[in-house]
Amino acid sequence: MDTPVFWSGFGQVVILVLIQIGGFGVMSFGTLLGVLTARRLGLKSRISAAAETKSSGFGDVRRVLVGVLLISVIVETVLALILAVRFRAGYGYGLGDAVWHGVFHSISSFNNAGFALYSDNLMGFVGDPWICLPIAAAVIIGGLGFPVLFELGREYRRPILWSMHTKLVVVGSAVLLAGGTVFLTAVEWANPATLGGLHPAERVLAGFFQSVITRTAGFNSIDIAQMDPVSWLGMDILMFIGGGPAGTAGGLKITTFAVLFFILSTELQGGTAVNIFGKRLSRAVHRQAITVVLLAIALVTGSTMFLMLITDFGQERILFEVVSAFATVGLSTGITAGMPPAGQLVLILLMFVGRLGPVTLGAALALRERPCSMNTPRKGPSLARNIFSSHSAAASDKASSVVVIGLGRFGGSLALELEAQGTEVLGIDASEEIVQSYNGRLTHVVRADSTKEEALRQLSVHEFDRAVVGIGSDIEASILTTSRILKFQRPQIWAKAISEPHAEILGQLGVEHVIRPEHDMGKRVAHLVLGSILDYVEFEDDFVMIRTSPPSAVRDRPLGVLGLRDKFGVTIVAVKRPGGTWGHTTAQTVLYDDDQIIVQGSKSKAERFSTMP
């Protein structure tokens, strides 16, 4: 129906109110679903839910609703003012008409509705950048999604801190907008019914505007029915992908297709794990993205085939209508009104399913997720690896998820190193400032009071393979947190102690792995400061390994004839020549003055040997 002709002023007001309610509801629903789903799930499942219902954190409902409302009001008000001024100054509208047209098109564009107060939509403004560009900007902002807008507003100066979700949406949107602009402008450049009759600058503007609108606002500044079928096919792809999660745009969402792109890229390169912006993607997200896309393709294909059976329209036009309906775009090649009632009902159902289907299905799949281990390769020695492998064989190379509580110097460094090794990490700290500093550096970081058992349960700490309590400055919080985790009887615990009494209490609680990083590092540095020892590692049961230079008593003769164990009680296990690499020693190895060696043995004997001249 022709909006300005068919509907009265009252009807147009009703449409505008419904658009505003619908847009606010979709953004709120998508974001709240992410928040509520995250509260139901453990870390592994929350990664899955983030594919379609990404929220900006563990915020409450009121904060989400207020944030959505504030963003909507600000964007729509600014755009309404710009458009009203343009309608008044550029087209001679009366003040009331200018304001009404500005408000209507502002709300319609930000909420990606595509309704216009002109019979030819926005074709009369095809070359006017003061109309097209502000509307395009509102469509883009609305299509990014509230979680992205919230994070951009908070960290717009520090892109390095953006989450994987925000980076995918921003980068993906830019790529699709640029690609769509180039494609549509090139294909339609010489088409006299669309861009061919415009000036070159206006053709680029129209191509850009249509690229923006196709994902997924429904305006048009050129005649869609007169476009080349190749353009329709390209627009099908853009509509099908859509915008960002928890936004006013439709489609399957940029994040879903970004996941598929990186999966494909990883497979083509022969990789074993999908990494996006330096972060490893959970395999659960792989499965969900593939599931959602395949179901959507099946729905679009089936609907297209059904409409081809009951109508006489061409396949390219029917496919365009189906994808436009599924992605809730609103663009048409002009055949919708000519379809039989059954065909129109199919399009209505597609719009309903397309509007709520992807986000709801994503959450449903996440809620069905069951915990599962994920083995990842680990390379190179590190503090994190040493901690989790030096105490027991059971702790070796089996931890796929670790929660680090307390993100101070020790806990923060440990969490970053674990994440760099491909381990799932959840960082928890009571300080909002510290949590914000790790946002974007850790995939999952949240502010919570770890001394509260309910908070730990909500974060599903019991689902993790390992737990590190890195709280040092507050001994009471360290002890309470450790005791709460011990009740779960699930994750192995490593706890930091800052003093001998602190370590004793943790041991009495039942913590098997007590760490004293400052104390241990102090002992190590003390040996290094002496000068004769180049490196020092102390193990349990009075056993050490020392890197040093060979004493004169063991130089220039094969090790096999020296009787080191009998004379000194130590073993030289490795040697490094100048400019060379480390290698194992044998009975025939001869040491020289400029070599470096690794000596192992009891603490007293190894230290005595390393200080020999």
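Figures for the structure shown
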quantity: Condition broken by M339, with the remaining ones in (1) free of Cβ contacts under 8 Å to residues at least 60 places away in the same chain; (2) surrounded by fewer than 22 Cβ atoms within 10 Å (Cβ to Cβ); (3) closer than 18 Å to T214 by Cα satisfied; calculated: (3)
quantity: Residue within segment 402-415 that is modelled with pLDDT under 85, under 19 Å from the mean Cα position of the chain (by Cα) and within 22 Å of R484 (Cβ to Cβ) present; calculated: no
quantity: Scan of segment 118-158 for residues that are more than 23 Å from G180 (Cβ to Cβ) and surrounded by fewer than 22 Cβ atoms within 10 Å (Cβ to Cβ), ordered by number; calculated: Y118, S119, G153, R154, E155, Y156, R157, R158
quantity: Pair list, Cβ under 7 Å, 6 or more apart: segment 397-426 residue under 15 Å from D465 (Cβ atoms), other residue at pLDDT 85 or above and open to solvent by 20 Å² or more (accessible area, probe 1.4 Å); calculated: I405/I471
quantity: Candidate set: segment 484-496, residues that are at pLDDT below 85 and not aromatic (F, W, Y); chosen: the one least open to solvent (accessible area, probe 1.4 Å); calculated: P491
quantity: Flag if G422 is more than 26 Å from I276 (Cβ to Cβ) and either touching a Ser or Thr at 6+ places or on another chain (Cβ under 8 Å) or modelled with pLDDT under 85 (or both); calculated: no
quantity: Test: residue in segment 50-68 that is in a helix (DSSP H, G or I), modelled with pLDDT under 75 and among the acidic types (D, E); calculated: yes
quantity: Of all residues making up segment 104-113, the number that are open to solvent by 10 Å² or more (accessible area, probe 1.4 Å) and not hydrophobic (A, V, I, L, M, F, W, C); calculated: 1
quantity: In segment 466-483, the residues that are assigned to a loop (DSSP other than H, G, I, E, B) and surrounded by fewer than 18 Cβ atoms within 10 Å (Cβ to Cβ); calculated: S473, D474
quantity: The one condition in (1) among the hydrophobic types (A, V, I, L, M, F, W, C); (2) farther than 22 Å from F352 by Cα; (3) assigned to a helix (DSSP H, G or I); (4) touching a Ser or Thr at 6+ places or on another chain (Cβ under 6 Å) that I222 fails to fulfil; calculated: (3)
quantity: Close pairs (7 angstrom Cβ cut-off, 6 or more residues apart or separate chains): over 16 Å from A249 (Cα atoms) and without any contact (Cβ under 8 Å) to a residue 40 or more places away in the chain in segment 166-188, of a type in the set (V, I, T) and open to solvent by 10 Å² or more (accessible area, probe 1.4 Å) anywhere; calculated: T185/V204
quantity: Residue identified as surrounded by 18 or more Cβ atoms within 10 Å (Cβ to Cβ), at pLDDT 50 or above and either out of contact with any Phe, Trp or Tyr (no Cβ under 8 Å at 6 or more places or on another chain) or outside any helix (DSSP H, G or I) (or both) among T360, T291, T333; calculated: T333
quantity: Any hit, segment 80-101, residues being at pLDDT below 80, of a type in the set (V, I, T), within 22 Å of A138 (Cβ to Cβ) and open to solvent by 10 Å² or more (accessible area, probe 1.4 Å); calculated: no
quantity: Among the residues listed as F262, F257, the single one being assigned to a helix (DSSP H, G or I), at pLDDT below 90 and touching a strand residue (DSSP E or B) at 6+ places or on another chain (Cβ under 7 Å); calculated: F262
quantity: Qualifying residue in segment 237-250 (condition: part of a helix (DSSP H, G or I), in contact with a Leu (Cβ under 7 Å, 6 or more places away or on another chain) and open to solvent by less than 10 Å² (accessible area, probe 1.4 Å)); calculated: no
quantity: Residue within segment 297-309 that is open to solvent by 10 Å² or more (accessible area, probe 1.4 Å), in a helix (DSSP H, G or I) and closer than 16 Å to A225 by Cβ present; calculated: no
quantity: Failed item, numbered, when L367 is tested on (1) farther than 25 Å from K452 by Cα; (2) at pLDDT below 80; calculated: (1)
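This table checks each residue for (1) assigned to a loop (DSSP other than H, G, I, E, B); (2) more than 18 Å from I493 (Cα to Cα); (3) open to solvent by 30 Å² or more (accessible area, probe 1.4 Å).
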site: V404; (1), (2), (3): no, no, no
site: L414; (1), (2), (3): no, no, no
site: E417; (1), (2), (3): no, no, yes
site: G422; (1), (2), (3): yes, yes, no
site: G427; (1), (2), (3): no, no, no
site: I434; (1), (2), (3): no, yes, yes
site: L456; (1), (2), (3): no, no, no
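The values are calculated or read from the model by the stated rules, or taken from the named source; none is laboratory data. The shown structure was predicted, so the numbers you read here are calculated from the model rather than taken from an experiment. Cβ coordinates were reconstructed from backbone atoms using ideal geometry, including for glycine residues, and neighbour counts include every protein chain displayed. Remember, those area values only see protein heavy atoms, side chains included, never the ligands or the DNA or RNA. Shrake-Rupley method; radii C 1.70, N 1.55, O 1.52, S 1.80 Å.
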